[in-house]
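Novice: I have a structure here, written as structure tokens, and I will follow up with some questions on it.
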There are 2 protein chains.
Amino acid sequence: VDKTHEQQALARQQQLTKPPGSLGQLENLAVKIASLQASEIPDLTHVHITVYAADHGVMAEGVSAFPQSVTAAMIRNFANGGAAISVLAQELTAKLDVINVGTVDTLEDIPGVFDKRIDAGTANFCQGPAMTEQQCQQAILVGRDNVLSDIDNTQLYIAGEMGIGNTSTASALASALLKCDPIDVVGPGTGLDKQGIQHKVTVIQHALELHQSELNDGPLSTLTLLGGFEIAAMVGAYLTCAKQGIPVLIDGFISTVAALTAERMQPGCKDWFIYSHQSAEPGHKVVLNALDAKPLLQLDMRLGEGSGAAVAVPLLRQACLLHNGMATFEQANISKGDT
Amino acid sequence: VDKTHEQQALARQQQLTKPPGSLGQLENLAVKIASLQASEIPDLTHVHITVYAADHGVMAEGVSAFPQSVTAAMIRNFANGGAAISVLAQELTAKLDVINVGTVDTLEDIPGVFDKRIDAGTANFCQGPAMTEQQCQQAILVGRDNVLSDIDNTQLYIAGEMGIGNTSTASALASALLKCDPIDVVGPGTGLDKQGIQHKVTVIQHALELHQSELNDGPLSTLTLLGGFEIAAMVGAYLTCAKQGIPVLIDGFISTVAALTAERMQPGCKDWFIYSHQSAEPGHKVVLNALDAKPLLQLDMRLGEGSGAAVAVPLLRQACLLHNGMATFEQANISKGDT
């Protein structure tokens, strides 16, 4: 992260025709993006959004209000332009990739969908490891390769996810990484009632007990034991963005758990993360706190797909436009007052 | 406000390919805009932003960190495209009007600025009424006429303000309307220190004592005694939008005090208001609460000019686009789950 451009950007913010600090978090955003891009003219014209989709073996435990077939159906919906992230990506003129990292069923060829299916969903982590080590590495590479595929044209990267059951997976992973009780991070997901949430807690507690002896073997091992293919792919994407110097806009609960996993695997990579929103899923706040993250928006969203991050993109763009386009006091011949 | 379209929009939100409620406040926004526009296809392509600028007699009491000449200088900056609201309006392809309602000095002709100067700033409300009744009516008409000037092409109206000293004016007005101690609503404005804030409180307490006997004569009288020309113009604009059925996006502290004044003058007109953000100015929260307002953003902005409202416009547009453009479960052939 570039300190020279950070200082330059801070100095410029003090010269723009407004009371110092009066654009609030938009000033911090402009300075951060200028610093990450090592540019005097931060620019987020080119946004790359990728939705990673996969199924989850823990669905055998009855942890979601939706049937598993919805993962595949939503992949078709992403490609057809009918999903929230499709509508938002089009509006943002962002590049939208959809990657099948492991649905339960094989899918027909779908234009616009990359078939990188690793397996028929993960295994049920209440019975054994969710993935083999090789599968986890394979998923991480799917994310890496996606970032690298358009890296010269990417000014901001967003990873979204779709996978019925994946708030259970993310909650298990967060509980293990944060060494907290699942009750602190489990929520309704797509719409569980109180009883459903209690069951989800019990299922995850059971999984953590099962894998207890291996949960100190490091974050990669934890990801293998309790993760999902789409989450591992997001981890790979985040690690690659940090390594390659691409700012990342983090989405909701699952995306942030992937971000936490990446940070644990490669401390410092979170310098490249900007946090778009705090979702309605109660565990999100806990994971954000663990990353010292201050999200921009609190709109009670809880959809995933990268939708919360996409909704925040205009704020980041406005921050850059104000930074680049406003007049300085000198240009406008305005007194800076007695401050 | 149209209940039929509200019900239709609520029903559509339940059919879109997402868990019900998962778009959070974006769903409420889409339903509200559909209802206010009485349309199945809420649309915010055409946004009309007007910045009202004026000077304030209370500046004689030394209540701001900036000199009064900045009001005029900023009017030139708005017109030249160098101010925050100029940059944002251009990005939003919004119509931007700038109206001089009463700077201390007469200004040269400035292309893009309407000269509706009522007087050389308001009078010092620590000495007497800020305006005459006639001046207050004149200012209200400036706002009304501006709304009407482009009403057939306005889908959303934003009033911004500029006026060195106008957080003092707004604080005085809010204290009188809410019958609260100025200490509860006075803040640093453009950048007062602790001592400056204490002085500002004392000045406003003094003004409230001076006018005490007339502060129960209704909100129009209170506006005349303690208001500003730009604030009265905003009140006129808000009242006219509500009467004509145009949704209004409210900006920060001063804008919200004008909204409160309008609501007190014409109860129910707040049905047409959407609250963009909660600013860093501490009194804003108090005034928002008095309007039962839940603002969309909390970005620590405190600039005025309509800038906070402009920053929120993309959120409203995204809410509409999602509402109009997402596929339904039926269209996408997706199971709604067991909910």
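The values are calculated or read from the model by the stated rules, or taken from the named source; none is laboratory data. All values derive from a computational prediction rather than experimental measurement. All Cβ positions, glycine included, derive from the backbone under ideal geometry; neighbour counts span all protein chains shown. Please note that ligands, DNA and RNA were not included when accessible areas were found on the heavy atoms of the full protein model with its side chains. Shrake-Rupley method; radii C 1.70, N 1.55, O 1.52, S 1.80 Å.
Novice: How large is the translational diffusion coefficient of the protein assembly as shown in µm² per second when you combine the Kirkwood radius over alpha carbon pairs with Stokes-Einstein at 10 °C and 1.306 mPa s?
Specialist: Estimated diffusion coefficient is 61 µm²/s.
Novice: So, one more: Quick check: the angle from helix A:229-244's long axis to the longest principal axis of chain A, C-alpha only, nearest 10 degrees?
Specialist: 30 degrees
Novice: Another question, if that's okay. Return the percentage of antiparallel bridges among DSSP beta bridges fully within chain A, rounded to the nearest 5 %.
Specialist: Once the DSSP bridges in chain A are tallied, antiparallel ones form about 5 percent.
Novice: Could you order the peptides A:218-225, B:292-299, B:251-258 from most to least packed, using the average number of other C-beta atoms within 10 Å per residue?
Specialist: Per-residue mean Cβ counts within 10 Å order the peptides as B:251-258, A:218-225, B:292-299.
Novice: What are the residues whose amide H is under 5 Å from the amide H of B:LEU297, where those residues sit 5 or more places off or on another chain and H is modelled from the backbone?
Specialist: B:HIS277, B:GLN278
Novice: Quick one: label points 7 angstrom along Cα→Cβ at B:SER149, distances to the other copies in nm, smallest first?
Specialist: Label-point distances to the other copies, shortest first: 5.1 nm.
Novice: Turning to a different aspect of this structure: Binning every alpha carbon pair distance of region B:125-244 at 10 Å from zero, what are the percents per bin?
Specialist: Histogram of Cα-Cα distances, whole percents per bin: 14, 41, 31, 12, 2.
Novice: Still on this structure, please answer the following. Using a 1.4 Å probe on the protein heavy atoms only, what accessible surface does B:LEU192 show? Give it in Å² to the nearest 10.
Specialist: Its accessible surface works out to 30 Å², give or take rounding.
Novice: Rounding to the nearest 20 debye, state how big the charge dipole of the protein assembly as shown is about its Cα centre with +1 on each Lys and Arg Cβ and -1 on each Asp and Glu Cβ.
Specialist: With only Lys, Arg, Asp and Glu charged at Cβ, the dipole is about 340 debye.
Novice: Using a 1.4 Å probe and ignoring any ligands, DNA or RNA, find the accessible area of B:LYS285 and quote it in Å² to the nearest 10.
Specialist: We get 110 Å² for B:LYS285.
Novice: Here's a follow-up. Would you kindly calculate the translational diffusion coefficient of region B:111-194, applying Stokes-Einstein with the Kirkwood radius from alpha carbon pairs, for 37 °C and a viscosity of 0.692 mPa s, and quote it in µm² s⁻¹ without decimals?
Specialist: 213 µm²/s
Novice: When only Cα pairs under 8 Å and 6 or more residues apart are kept, what is the percent relative contact order across region A:47-316?
Specialist: The normalised contact order for region A:47-316 reaches 24 percent.
Novice: May I ask you to report, in nm to one decimal and beginning with the shortest, the distances from A:GLN205 to the same position in the other copies, taking label points 7 Å along Cα-to-Cβ?
Specialist: Values, ascending and in nm: 5.6.
Novice: Separate question: In region B:47-322, what percent of the accessible surface is made up of carbon and sulfur (1.4 Å probe, ligands and nucleic acids excluded)?
Specialist: About 47 percent, which is the carbon plus sulfur part of the accessible surface.
Novice: Within 10 Å of each Cβ in B:262-274, how many Cβ atoms from other chains are there, averaged over the peptide?
Specialist: 0
Novice: With angles folded into 0 to 90 degrees, how steeply does helix A:25-37 sit against the dominant principal axis of chain A? Use alpha carbons for both and round to 10.
Specialist: 80 degrees
Novice: Next question. Along Cα→Cβ at 7 Å, what distances in nm separate the A:GLY245 label point from those on the other copies, shortest first?
Specialist: Copy-to-copy label distances at A:GLY245, shortest first: 5.6 nm.
Novice: Enumerate the calculated ³J(HN,Hα) couplings along region A:326-331 in order (Karplus 6.51 cos²θ - 1.76 cosθ + 1.60, θ = phi - 60°), each rounded to whole Hz, writing x wherever the residue is Gly or Pro.
Specialist: So the J values, rounded to whole Hz, are 6, 6, 7, 4, 5, 4.
Novice: Output the peptides A:307-314, B:67-74 sorted from most to least packed, where packing is the average of other Cβ atoms within 10 Å over each peptide's residues.
Specialist: In decreasing order of mean packing, A:307-314, B:67-74 become A:307-314, B:67-74.
Novice: Using a simple charge model, +1 on the beta-carbon of Lys and Arg, -1 on the beta-carbon of Asp and Glu, nothing else, what dipole does region A:47-316 show about its Cα centre, in debye to the nearest 20?
Specialist: Taking the Cα centre of region A:47-316 as origin, the dipole is about 420 debye.
Novice: How shielded is A:328-334 by partner chains, expressed as the average number of their Cβ atoms within 10 Å of its Cβ atoms?
Specialist: Averaged over the peptide's residues, the number is 4.
Novice: On to the next question. Enter the mean number of other protein chain beta carbons within 10 Å of the beta carbon of each residue in B:312-322, as an integer.
Specialist: The per-residue average across the peptide is 4.
Novice: At 1.4 Å probe size, with no ligands or nucleic acids counted, give the accessible surface of B:VAL1 in Å², nearest ten.
Specialist: Approximately 90 Å² for this residue.
Novice: Order these peptides, B:96-102, B:319-325, by their mean beta-carbon neighbour count within 10 angstrom, highest first.
Specialist: B:96-102, B:319-325
Novice: Same structure, new question: Tell me which A residue has its C-beta closest to the axis rotating A onto B, and the distance in Å?
Specialist: For chain A, the closest residue to the axis carrying it onto B is A:PRO314, 2.
Novice: Once the convex hull of the alpha carbons of region B:47-322 is built, what does its volume come to per residue, in cubic angstrom?
Specialist: Normalising the Cα hull of region B:47-322 by residue number yields 111 Å³.
Novice: Follow-up. Around B:LEU96, what is the net charge, scoring Lys/Arg as +1 and Asp/Glu as -1 over all other residues with Cβ under 15 Å from its Cβ?
Specialist: Charge balance near B:LEU96 sits at -4.
Novice: Per DSSP H run of at least 4 residues, take -39500 (n - 2.57); add these up for chain A, divide by its residues and hand me the 222 nm value, nearest 500 deg cm²/dmol.
Specialist: Here the helix-only value at 222 nm equals -15000 deg cm²/dmol.
Novice: Another question, then. What quantity of accessible surface, computed with a 1.4 Å probe and excluding non-protein components, is buried in total between chains B and A, in Å² to the nearest 100?
Specialist: Summing both chains' loss of accessible area gives about 4200 Å².
Novice: What FRET efficiency, computed as 1/(1 + (r/R0)^6) with R0 = 41 Å and r the Cβ-Cβ distance, is obtained for A:GLN298 and B:ASP105, rounded to the nearest 0.05?
Specialist: Given R0 = 41 Å and the Cβ-Cβ separation, E is 0.40.
Novice: Mind checking the per residue accessible area of region B:47-322 for me, 1.4 Å probe, whole number of Å²?
Specialist: 34 Å²
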